Amino acid sequence: MRQSLVVGNWKMNGTRASAQSLAKGIIAGLNDSEAGIAICVPYIYIADIAEVVKDSRLALGSQNVADKASGAFTGEISATMLTEFSCQYALVGHSERRTFYGDTNESVAARYCQAQEQKIIPILCVGETLEQREQDQTFAVINEQLDAVIDVAGIASFANAVIAYEPVWAIGTGKTASDEQAQEVHQYIRQYIAAKDQAIAENLQILYGGSAKPDNAKGLFAMPDIDGGLIGGASLDAESFLKIYQSI
Ligand code: PGA
């Protein structure tokens, strides 16, 4: 049976002080659920938050990772550096990276590989824009995003990865995919992986991201192929993030 997972993506929000109090607030409200819980925080707060979470079951992640191991790559943070601060997860290919910072399917695949080489679990974000959905391109876009990773990392690599389905049109917009719309794509992703490796697909955690909130999380998480969520805006408040987590 797949374990559920809820991941907060703080994006570029907060201050050094608010980041620490948010992490503490989440830890204080944790129940004894078996579902995993993690926060992906701004790079510059990782060291602080690593201290805050160290005796808890709240896992830590980054919002990106470099596509190279080391060297003259100004402004980048390597997977090796992240491991020094107990980062267990790294988002790769978030739509905001793809849209605003030029991350391509190829560079996302390289980031995914760099994370795995250091035993960091990449959370591979995939999803279509509104225009692509309206043109019936959703599955074709997802195929390309997945294939870029499968081609370089292999299907077996998904034993140590998480996928987040993020319909770009639902991110930060308040629009949420309906439970059925989300399930349809999650099922598609699982079947796509299953066609290459059934066992890997059955164990793969596929998270939903895109305006998941305390009042819609339960319905989304009840869908058979939705194993949890990647939560942006609603993860910036401990109470709402915990409510989403408790909906698992
Ligand atoms: P949102 O962001 O929940 O604010 O829509 C989701 C994400 O981008 O991870």
Long-range HN-HN contacts of Gly127 with modeled amide H, under 5 Å: Glu166
With a point put 7 Å past each Cα toward its Cβ, work out how far Glu202 is from Ser70 in nm, to one decimal. 4.2
Over the chain, the sum of -39500 (n - 2.57) across DSSP H runs of at least four, divided by residue number and rounded to 500 deg cm²/dmol, gives at 222 nm -11500 deg cm²/dmol
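Given a Förster distance of 45 angstrom, what is the FRET efficiency for Phe85 paired with Ala156, based on the Cβ-Cβ distance and rounded to 0.05?
Between Phe85 and Ala156 the formula returns 0.95.
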Using θ = phi - 60° and the Karplus relation 6.51 cos²θ - 1.76 cosθ + 1.60, list the HN-Hα couplings for segment 228-241 in order, rounded to whole Hz, with x at every Gly or Pro. x, x, 10, 10, x, x, 6, 8, 8, 10, 4, 5, 6, 5
Sorted by packing (mean other beta-carbon atoms within 10 Å per residue), highest first, where do 155-165, 76-86 land? 155-165, 76-86
Linear extension gain, Ala17 paired with Gln3, 0.36 nm per residue minus alpha-carbon span: 1.9 nm
Which cross-chain or sequence-distant (5 or more) residues have an amide H under 5 Å from the amide H of Gln205, H modelled 1.01 Å from N in plane? Ile163
Cβ neighbours within 10 Å, averaged per peptide: list 179-192, 35-48, 131-144 in order, most packed at the top. 35-48, 179-192, 131-144
Under 19 Å between alpha carbons, and skipping anything fewer than 8 positions from Lys213 in its own chain: which lysines qualify? Lys11, Lys175, Lys243
P(r), alpha carbons of the chain - 10 Å bins starting at zero, rounded %: 8, 34, 39, 18, 1
Mean-square fluctuation check for the chain, GNM, Cα pairs under 10 Å: which of Gly232, Gly102, Gly93 is largest? Gly102
Residues with amide H under 5 Å of Gly8's amide H, sequence separation 5 or more or different chain, H placed in the peptide plane at 1.01 Å from N; which? Ala38, Ile39, Cys40, Ile231
Please give the length that would be gained between Tyr188 and Gln137 if that part of the chain were fully extended, namely 0.36 nm times their separation in residues minus their C-alpha to C-alpha distance (nm, one decimal). 17.0 nm
Segment Ala195-Lys218, length gained on full extension (0.36 nm per residue, minus Cα span): 5.4 nm
What is the sum of charges around Lys218, taking Lys and Arg as +1, Asp and Glu as -1, for the other residues whose C-beta is under 12 Å from the C-beta of Lys218? 0
Looking only at aspartates and glutamates whose Cα falls under 20 Å of Lys54's and that sit 8 or more positions away or on another chain, we get Asp32, Glu34, Glu84
Provide Asp103, Asp55, Asp237 in ascending order of the number of other Cβ atoms located within 10 Å of each residue's Cβ, fewest first. Asp55, Asp237, Asp103
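Shape verdict for segment 110-243, please, from the Cα gyration tensor: rounded (a/c under 1.5), prolate (a/b greater than b/c) or oblate.
Prolate, because a/c is 1.5 or more and a/b exceeds b/c.
Throughout, read-outs are computed from the coordinates displayed, never taken from laboratory work. The structure presented is a predicted model; accordingly, all values stated were derived computationally and were not measured. We place every Cβ from the backbone using ideal geometry, glycine too, and count neighbours over all the protein chains shown.
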